[in-house]
Structures are given as C-alpha cells and as structure tokens.
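Notes follow once the structure below has been shown.
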Amino acid sequence: MVILVAGAAGFIGSHLCKRLLATDTFKVIAVDNFEPYYSPSYKRLRFNHLCPNLEVHEFDLTNKKIVNDLFHDFKFDVCINLAATPGVRSSINEPYKYLHNNLNIHLNLIEATRLNQNKARMIFASSSSVYGEDNFLTKKAEDQQLSLPSSFYAYSKKSCEEISIMYAKSYDISTVALRFFTVYGPWGRPDMAYWSFTEKMLKDEELPLFNGGDMHRCFTHVDDIVSSIRKIAESDRSINNYEVINIGNTLSHSVNELVNEIAKSLNIRPKTKTLPKRSDEPLQIVPEMKKAKKMFDIEPMIDFKLGIKEFVNWYVRDFSELM
Ligand SMILES: NC(=O)c1ccc[n+]([C@@H]2O[C@H](COP(=O)([O-])OP(=O)(O)OC[C@H]3O[C@@H](n4cnc5c(N)ncnc54)[C@H](O)[C@@H]3O)[C@@H](O)[C@H]2O)c1
C-alpha cells in the first residue's frame, strides 16, 4: 500500500511514519516543507531520530504543480493530510497565513486525488477546535451542528472539512476527517502547554494560567493517535464517501491538574500567574467516542498521569541531552 504522509516531519507525522514503517505493509512517501511555526532544526532532529531510514521530500504543498507531479509519480492508495500551520492562539495574529496555508494544502491534495486515476482515500487531520465555544458541558458528537469558529485556525479546519464534503459528494472522493483532541507525548510541540510548563518550571519561571488553570482538556497521547490513523488506513471497511470522527481521550483534566502532574514528576514547586480566560478557547471540550469505537474499534487508552510522566522524563533525560 503506497501512503502519502503530508506534514511528515511534524509531531504527529513523524510518530506516524515510524509506526507505518514498523511493518512491511506500507510504502511511505514523506513530505514536509519544515515551515518555521516552530524550530525547523528541531523538526529535522525529531524526524531523523524517529525515522532514520526515511527520506523527507521537501516540498511546499501549497504549490499546485508540485502536488500534481507528486500524485503523478506515485500512485497513492492513501493520502494522509497532517500538514498545516497549527495553533489556535497565533492564528488570531496571522489570518492570511493560516487560511492560505491550511486551505491550499488541503485543496491541492484533494484536487490531485480527484485528477489521479487511483483515487486515493483521504485521511485528514481536523481538530476539536471546530466545536467552538458552544455548551461546554455536553460531550461533542460528530453529527452536532457546529457553532461559529472562534479562531482562524478553527475556521481553516472547518473549511477543509467542508471542502472534503463537496469533493465526496461531487466526485466520490472518500475522506475520513479526524477531529483530534489535544495531542501530547515525547517529541511533542514546543508551543503547547505541557511543553512550555515543563520548560518554565525547569527555568524557575512563572506559568501563565488562563482562567486560573480552570480550563479542561482531554489530553490524548500521540501513540493513541497514530494507532488510530493506522487502523483507518489499513481498514478495508467500506465507508460512506465522507465521515468525520472524533479521536480523543474521554476523560478530561484541568490545566491545574496538568501543572501538578508535571511539578510532581520534576519535584518542583511551580510559580503561577492567573490570567483572564481567553475568548478563543473553550472552558472544556470532551469527545463522544462511540463512532470511532463502532466503525474502527478505536479507543484511546493511555493514562494521562503515566503519559505526562513519560513526557517529562523524555524532556529531562533525552531531549535535554540532544539539544
Ligand atoms: N497536536 C495537536 O494537539 C493537534 C490537535 C488537533 C489537530 N491537530 C492537527 O494535526 C495535524 C498535525 O499536527 P502536529 O501537532 O503534528 O503539528 P506540526 O506543526 O508538528 O506538524 C505539521 C507539519 O506540517 C508541515 N507543513 C506546514 N505547512 C506545510 C506546507 N505548506 N507544505 C508542506 N508541509 C507543511 C509543518 O512543517 C509541520 O512539520 C495538523 O493539521 C494539526 O492542525 C493537531
């Protein structure tokens, strides 16, 4: 099976490539342009460490010709689109960049899928942020009406989902959109809270806690995410042309709990600073996971406390040594 992993040098992408290469089932074509949302040299280090025998094709996927040539040269069976500029907060300051990059990558990949004879199946990384601010007490189910997006990042993901629906209806392009919930783990993203809190605690700096840390998230370990993507890629289950599926842990934890777990692992008493709640981030967001379980037997399992401890150990021992 020939698989394109777009955004292969990213956090999820590099773990996914490693997982796909663990058996002989897949021929993996890895593409990434090492965009500088966070350190490109860290991305290289991570990819080389996790996938020492795989080459990354350094292409900008917003370039239509490059993407079409890629699909012409390799007859992909599955196209996994993880490539995007991530991050809710910085999208407020850079709307053009988010819309240009995230929409054009997705449109180019799906359009090339349409033009290609093989009609690769698409798997696309959407986000829990598409659920917006709406009623934080209820579990989020895939078929619920979405409220207005509260960031350009969320808007870009919602728009990509809509592009996929149009292509599925008009051209029979089969797409599974995966709404990921706060992914964490070793070799993670330096812009995310679990990383920056660990870094700040080790430097004895203050941690900024929005809404006093009373924000709740379903932290999902990257190993659970890549197992889910792999199951879907391998599945011969016939799906409707378009499916959207939540992939997240169903137990939510507050940011204060996150701080406590990191502090416990580091044996440090953290300094914190309370900031007001941000309008672009919901208080709590919990996935309904019935659909993932029913369709693909997907059920994220990795325990939050063990996962955070594993991340902190990785950061202190392995990462600090490498940098
Ligand atoms: N990590 C999370 O918590 C989370 C949650 C929800 C959704 N997602 C989505 O999952 C996907 C992967 O997330 P991640 O955490 O691994 O992010 P990441 O930033 O680590 O990975 C994205 C990769 O895409 C690449 N990329 C960006 N623009 C590109 C372009 N024009 N051409 C080629 N490559 C390009 C980047 O260089 C990067 O390596 C993203 O689409 C993200 O929006 C992530």
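Sorting Met1, Met289, Met192, Met323 by the number of Cβ atoms found within 10 Å of their own Cβ, with the fewest placed first, yields Met323, Met1, Met192, Met289.
Going by average Cβ density within 10 Å per residue, which order do the peptides 142-150, 4-12, 267-275 take, highest to lowest?
Values: 142-150: 13.3, 4-12: 26.1, 267-275: 11.7.
Listed from highest to lowest mean packing, they are 4-12, 142-150, 267-275.
The alpha carbons of the stretch 162-245 stretch over 55, 25, 18 Å along the principal axes, in descending order. Among the trypsin sites (Lys or Arg not before Pro) in the stretch 151-247, those located in a DSSP loop and surrounded by at most 15 other Cβ atoms within 10 Å of their own Cβ are Lys203, Arg237.
Available extension along the chain between Lys305 and Asp172 is 43.6 nm, counting 0.36 nm per residue and deducting the alpha carbon span.
Could you compute the net charge surrounding Lys119? Neighbours are other residues with a C-beta less than 13 Å from the C-beta of Lys119; K and R count +1, D and E count -1. Before the final figure, lay out the partial values.
Details: positive: Lys75, Arg114, Arg121; negative: Asp77, Glu111, Asp172.
After counting each charged neighbour, the total is 0.
Under 18 Å of direct C-alpha separation, and excluding same-chain neighbours fewer than eight residues apart, Lys169 reaches these lysines: Lys119, Lys158. Which value results when the Cα radius of gyration for the stretch 211-323 is divided by 2.2 N^0.38 Å? Its radius of gyration relative to the 2.2 N^0.38 Å reference: 1.30. Near Val286, the amide H atoms lying under 5 Å from its own belong to Lys140; only residues 5 or more places off or on other chains count, and H is placed 1.01 Å from N.
Taking 19 Å as the cut-off, the amide N atoms of the stretch 200-216 that come nearer than this to a point 7 Å along the Cα-to-beta-carbon line of Leu283 belong to 209-216.
Among Asp24, Asp32, Asp280, the largest mean-square fluctuation in a Gaussian network model of the chain, built with springs joining Cα atoms closer than 10 Å, belongs to Asp24.
Estimated translational diffusion coefficient (Stokes-Einstein, Kirkwood radius over Cα pairs, 4 °C, 1.567 mPa s) of the stretch 1-136: 83 µm² per second. Based on alpha carbons, the Rg and Dmax found for the stretch 81-177 are 14.0, 46 Å. Taking every DSSP beta bridge that has both ends in the stretch 155-267, the antiparallel portion is near 20%.
Each distinct pair of alpha carbons in the stretch 265-323 adds a 1/r term; the inverse of their mean, the Kirkwood radius, is 15.6 Å. Treating each Cα of the stretch 1-60 as an identical point scatterer and summing with the Debye formula, the log10 of I(q)/I(0) at q = 0.12, 0.19, 0.23, 0.27 Å⁻¹ comes to -0.24, -0.58, -0.85, -1.14.
Can you tell me the length gained on complete extension of the stretch Glu206 to Ile165, counting 0.36 nm per residue apart and subtracting the Cα distance? Could the numbers behind the result be given before it?
Working: separation 41, 0.36 × 41 = 14.76 nm, distance 4.44 nm.
Result: 10.3 nm gained on full extension.
With all pairs of separate Cα atoms included, the stretch 23-97 yields a Kirkwood hydrodynamic radius of 14.4 Å.
Where the alpha-carbon atoms of the chain are placed on the principal axes, they occupy 59, 44, 38 Å, in descending order.
Each value in this text was obtained by applying a stated rule to the coordinates, not by laboratory testing. Predicted, not measured: the structure shown is a model, and the values here were computed from it. Methodologically, a virtual Cβ is constructed for each residue, glycine included, from the backbone with ideal geometry; neighbour enumeration extends over all protein chains shown.
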